[in-house]
Amino acid sequence: MSSIGTPIDETGLLVREHGAFVLQCDRGGRYVLELPRVPVDHVQKRVRVRGVVCG
């Protein structure tokens, strides 16, 4: 897992699990996302996520 503050630029499948949004990365691994908006239109689609590790 990456350290807090590490920049992330990943592609993968956006899924909803237990009320949270999770990116299942193309290269393996996964991130639970903290998002400012609810991306309902993008669930179950391949997306690109850019941000920083916060926890």
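In the calculated pair-distance distribution of the chain, the portion above 19 angstrom amounts to 19 percent of the Cα-Cα pairs. Quick one: with all protein chains in place, what share of the accessible area of the chain is carbon or sulfur, to the nearest percent (1.4 Å probe)? Ligands and nucleic acids excluded, carbon and sulfur give 51 percent. Extending 7 Å from the Cα toward the beta-carbon at both His42 and Cys54 defines two label points whose distance is 1.5 nm. Under the criterion of Cα pairs below 8 Å and six or more residues apart, the relative contact order for the chain equals 48 percent. At a probe radius of 1.4 angstrom, the accessible area of the chain per residue rounds to 77 square angstrom.
The values are calculated or read from the model by the stated rules, or taken from the named source; none is laboratory data. Quick caveat: nothing in here was measured; it's all calculated off a predicted structure. Backbone-built Cβ (ideal geometry, glycine too); neighbour counts: all protein chains shown. The protein model used for the area step is the full one, side chains on, heavy atoms only, and it has no ligands, DNA or RNA in it. Shrake-Rupley method; radii C 1.70, N 1.55, O 1.52, S 1.80 Å.
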